[in-house]
Each structure stands twice: as C-alpha cells, then as structure tokens.
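Some notes on the structure that comes next.
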Amino acid sequence: MALDDTVQRGDLGVVGSVWDCEAGERYVHFANWEGTMPERQLNMCNFQKGTLVHLSKEGLHSAVGEVVLWDEGKLVVDVLGEKVKVPPTHLIRCDFQKHSTVHVLSKTEASDKVYQIGEGLYSLAGGLRDGKLILNTNDGYDFFDPEQLALAKIQRGDYVIAPNGQTGWARGIDADRLHFSVQFKGFAEASFAPSELRRSPLQKDTLVTWTLHYEDVPKGTVASADLSNVRVYAKENLNHGTWNFRVSQLRPLRFQPGDYVQWKKHDEDIPEGDIGEVVRLKENGKIYIQWPKCLCSFWPSSLKLLPFQRRDLVHWASADDDIPTGSIGRVRGIKYSDGGSRLYVNFPKGAWAFSPGCLDAEPNVSGWCHSSNSDLTSANWTTAGIHRLKASFARFDQNGDGNITPAELAERLEIFCWPCPVGEYYLDENGSLSVEEFVDYVFQDADREITDGFREHVGLEKPGT
C-alpha cells in the first residue's frame, strides 16, 4: 500500500495480534485502514494504556490523568472523572508511573497508615483513584497527590554501583522500606540504603561509543548498550554482531533516549527551532528522533543538545505577577500543539510555554505563552536534587507535623550560617513553612553559597558544569 494515501506519517494506530515473524510485519489498526505493515515503519508511542499523563489544556494541566484506550486515531484519557479524547501531541508524560519508587513527603489527615516521612521507600501501584496516585503499603494501598511524593534517586531496575565499586541491579525495595535489594554477579544479593548507591552512567539501551577500535568496530561506532555486572553487551551499528566490552572502555554518547535536541539545519518537515526527542539507535548508526511532524534518523554530528531537558529546573529571565522573580519552574515536556518549538514549564502558579533559547514567545489565543522575551535560565540544580531536598524536609521537621517552624529551621540553619526566614513572604497562615516554601527559601537567593556541608546534610547534589 502507499502509506501517504491512507495512513499519514505520525498517525496513531494499535498493533493487533497477527504478526509474521519471518517477514518482520505487524498487523496494525489505524483510524482509516488496517492491515500488515513492516515493523521498521512503526514507532512505539510514548503513551500506552495505563500511562499517567498531564493534559496540555488550560484548567487541566496540573491534574493527573490515565490513558485508558485508543479511539479512532486518538487517545482517551480519564482525568478527574472525565473521559477526554485527545491526540498524543496534547499530552505530557507524568513523572510518576507504575512501579515508580517514591518517598512520602506528607500524608492526608484521613490516612491511618504510618509512614517513614522523607526517608521510607514506597512503590506506586499504577492507575489513579479519584485523581490521586495509588501507593503500595505493607497493609494495602493509600492515595496521594503528586505534590505529596518525591521520586527516589534510585528506581527499581536501575543498574547501580555499590560502595565497593561493584555494579549490580536494583531488584526492589526491602521489607523495612529503607533499603534496596541489589543483585550482583552470580545472583548474590545485598541490601543498601539509597545514599550508599550510585546510579551507573550506563543503563539499558544507553547509547555509547567505544574508546578503542578495530576492524569490525570502527572508530566512532555508536552502539546500544545493556549493562550486566561489569561488562556491556553492545550491538554494533553495522550489524556485524554483539561484543562484550569493559565499562571503562565505553563512553556514553552526549544524546540519550528521551533527550531533547534540535537539528543544526532545517527544512519543510523540520522547521528552524523545532524540538525533537531522541528515541533509539538505528541499525546504520544513525539516531531516530521524534519531531513534531515526523520520525527521522540523523547522524549525531548533525544534532545539538537542547540546553533544557525534561524535569530540569529553570528560572524565567523576566518576571510578572504569575512568575515572580526567583520562581523556580520545572520543564514538563514539548508543546507540540502549537508547532513543537516551545517547552512547557510548570511554575507554582501554573504551566506556560517558553522558547528554550533566544526566540520570542508570542502569546497564543489561550494566553499560555508569556509575551515578552522568554529566555529560560538554569536553576543550577538537578530535579533529582530537588526531590532529595524535599525528602530531607523531614529532618528539619522535628515534630513531624508536616511543617517547619522558624525555630526548627533556625536551629538547623545556624550550623551553616544561613539567615532564618521571617515575615509573611515565607510563612503560611500557621506561621510555618510548607515543603514548597522551604524549597523556595533555599533557592530564592541565586547568590547564596550552598556549602558542601549543607548539601551533605540534606542529600542535595549540584550537577557538574
């Protein structure tokens, strides 16, 4: 069939049960056609049944929804009890998904369950209940808003490095809810607190290059790696075979699956300024990139990494009533619905779309873009660091009431010669600081020196430059 006649590039379909293994074909249902297609012409959508998402729709962007089914080329999302049918370009993947490992920051008053606030490890069951995330507990389930949880720095299935330098696989959470069970070579297992583990720079499907070379693996070859203990099994890009390489001989590529990139050139399909997302390695050594209008492959040398990535923390270079000076936002995703050249950034008072570089962000009809120069600047801290800062909130909250009083904060900050916040700007109606206000206090002064002692105390890491 001529795909351009019936099935347009980027159309959403569902794979059926019929699959011709030898021919490499899949049976696919599209809105206006169904039949077999070569598997190489298909790309898995980022949103599958059960995926938790945010809608890029005013009034619903802060709510969490769940993809429940496919319907005539669109996805049906259950959000706040309402079934909304939207194209994938109107969705943003939520940070929390099924089996995500999280810390509990605060619990609802109605809950009678006991949590190790800020330090305990818990797993999400998947799905939603009345718009809330479902958390697995030792004696059933509990329900939380996203703001009540923080992602743990180690997730189940991650390859991790133990204190002795040995590499293993994080199998899951121990029964004490404070340690990870890690499996090593020979199926040996041991338990470690998250603070004792480092996430390996090489994970499943990490794109790498070999620091050496020989005839079958030329210099500059890009491969997809799978870490197993102390070696990597890399499929060479010319399909010559699979080899085992030492971890020390591999260098992660500057682009990884999920990263945002821009093309150094432009054409009709990829206009100047469009943002793409790295998908996977192609057999010939190129990298598949999902653009707003197409899925295309490129040589790595033709791409540039976007300065802001998903879940990065940013400041807006300007300010207004919605985004006061010093406000910290988090990049949620690419705004495909108006072309794909802007990033959604979630600030405390809402989410807006911004250009990532020096482009002007013209306001659209819904008012979701700020109209002046929309440069974003880095907040200089990783999202994982902010999650750990939030998780450390419990160390400051000595009486465990979910808030920090000026007295509690002053006692801790005195160690680091930091001033204690006073005044209505920092304190809520109860005269204390919430988790969000605590984070704002730490980062509201860009010139404040964050000492190594403070970072170590709260489990915060500053990324390399």
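The values are calculated or read from the model by the stated rules, or taken from the named source; none is laboratory data. Just so we're clear, the structure is a prediction, and the values are computed from it rather than from any experiment. Glycine gets a Cβ as well: all are built from the backbone with ideal geometry, and neighbour counts include every protein chain shown. The protein model used for the area step is the full one, side chains on, heavy atoms only, and it has no ligands, DNA or RNA in it. Shrake-Rupley method; radii C 1.70, N 1.55, O 1.52, S 1.80 Å.
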Failed condition for S248, given (1) under 19 Å from the mean Cα position of the chain (by Cα); (2) small (G, A, S); (3) surrounded by fewer than 20 Cβ atoms within 10 Å (Cβ to Cβ) = (1)
Applying the selection to the range 108-136, what residues are at pLDDT 85 or above and among the polar types (S, T, N, Q)?
-> S123, N136
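Working only within the range 129-138, note down all residues that are out of contact with any Lys or Arg (no Cβ under 7 Å at 6 or more places or on another chain) and either surrounded by 18 or more Cβ atoms within 10 Å (Cβ to Cβ) or not aliphatic (A, V, I, L, M) (or both). Show your work before the answer.
Filtering the range 129-138 for residues out of contact with any Lys or Arg (no Cβ under 7 Å at 6 or more places or on another chain) gives 129-136, 138.
Correct list: R129, D130, G131, K132, L133, L135, N136, N138.
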List every residue pair whose Cβ atoms sit under 8 Å apart, with the two residues 6 or more apart in sequence or on different chains, where the first one lies in the range 89-100 and is closer than 11 Å to F47 by Cβ and touching a residue at least 12 places away in the same chain (Cβ under 8 Å) and the second, anywhere, is hydrophobic (A, V, I, L, M, F, W, C) and open to solvent by 20 Å² or more (accessible area, probe 1.4 Å).
-> L91/F47; R93/F47
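I'd like the residue in the range 31-44 that is outside any strand (DSSP E or B) and either among the charged types (D, E, K, R) or in contact with a strand residue (DSSP E or B) (Cβ under 8 Å, 6 or more places away or on another chain) (or both) and, out of all such residues, is farthest from G258 (Cα to Cα). First the steps, then the outcome.
Filtering the range 31-44 down to residues outside any strand (DSSP E or B) leaves 31-33, 39-44.
Subset that is either among the charged types (D, E, K, R) or in contact with a strand residue (DSSP E or B) (Cβ under 8 Å, 6 or more places away or on another chain) (or both): 39-40, 42-43.
Details: E39: 21, R40: 20, L42: 18, N43: 14 Å.
Across the range 31-44, the extreme among qualifying residues is E39.
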Among (1) open to solvent by 60 Å² or more (accessible area, probe 1.4 Å); (2) at pLDDT 85 or above, which single condition is C94 missing?
-> (1)
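Could you say whether any residue in the range 93-105 is among the charged types (D, E, K, R) and at positive phi? Show your work before the answer.
Looking only at the range 93-105, we keep the residues that are among the charged types (D, E, K, R), and these are 93, 95, 98.
Of the ones still in play, those that are also at positive phi are none.
Within the range 93-105 (the criterion being among the charged types (D, E, K, R) and at positive phi), the answer is no, since none of the residues qualifies.
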Search the range 158-181 for residues being out of contact with any Ser or Thr (no Cβ under 7 Å at 6 or more places or on another chain) and without any contact (Cβ under 8 Å) to a residue 40 or more places away in the chain, and hand back the single one that is most open to solvent (accessible area, probe 1.4 Å).
-> N164
Restricting attention to the range 182-207, the residues that are without any contact (Cβ under 8 Å) to a residue 40 or more places away in the chain, open to solvent by 90 Å² or more (accessible area, probe 1.4 Å) and charged (D, E, K, R) number exactly 2
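Being part of a strand (DSSP E or B), under 16 Å from K98 (Cα atoms) and β-branched (V, I, T): is that true of I134 here?
Working: part of a strand (DSSP E or B): yes; under 16 Å from K98 (Cα atoms): yes; β-branched (V, I, T): yes.
Considered against the rule, which asks whether it is part of a strand (DSSP E or B), under 16 Å from K98 (Cα atoms) and β-branched (V, I, T), I134 comes out as yes.
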Please specify each residue of the range 141-157 satisfying the condition of being touching a Phe, Trp or Tyr at 6+ places or on another chain (Cβ under 8 Å) and in contact (Cβ under 8 Å) with a residue 60 or more places away in the chain.
-> P146, L151
Does any residue in the range 1-24 that is at positive phi and assigned to a loop (DSSP other than H, G, I, E, B) come within less than 6 Å, Cβ to Cβ, of a residue that is surrounded by 13 or more Cβ atoms within 10 Å (Cβ to Cβ) and modelled with pLDDT of 65 or more six or more places away or on a different chain, and which pairs are these?
-> G24/E39
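Residues are listed down the side, and each one gets a yes or a no for (1) at pLDDT below 85; (2) farther than 18 Å from P87 by Cβ; (3) among the β-branched types (V, I, T); (4) assigned to a loop (DSSP other than H, G, I, E, B):
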| site | (1), (2), (3), (4) |
| --- | --- |
| P271 | no, yes, no, yes |
| E283 | yes, yes, no, yes |
| Q309 | no, yes, no, yes |
| D320 | no, yes, no, yes |
| P324 | no, yes, no, yes |
| R332 | yes, no, no, no |
| S337 | yes, no, no, no |
| P363 | yes, yes, no, yes |
| S366 | yes, no, no, yes |
Could you figure out which of (1) farther than 21 Å from G258 by Cβ; (2) free of Cβ contacts under 8 Å to residues at least 60 places away in the same chain; (3) open to solvent by less than 60 Å² (accessible area, probe 1.4 Å); (4) in contact with a His (Cβ under 9 Å, 6 or more places away or on another chain) isn't true of A63?
-> (2)
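Could you list, in sequence order, the residues of the range 291-313 that are open to solvent by 60 Å² or more (accessible area, probe 1.4 Å) and under 19 Å from D267 (Cα atoms)? Step through it out loud before you land on a result.
First, the residues of the range 291-313 that are open to solvent by 60 Å² or more (accessible area, probe 1.4 Å): 293, 299, 301, 304-305, 307, 310-311.
Answer for the range 291-313, where residues must be open to solvent by 60 Å² or more (accessible area, probe 1.4 Å) and under 19 Å from D267 (Cα atoms): K293, W299, S301, K304, L305.
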Among strands (runs of 3 or more DSSP E) completely within the range 162-236, the ones holding 3 or more residues that are within 27 Å of the chain's Cα centre (by Cα) and at pLDDT 90 or above are 167-173, 180-183
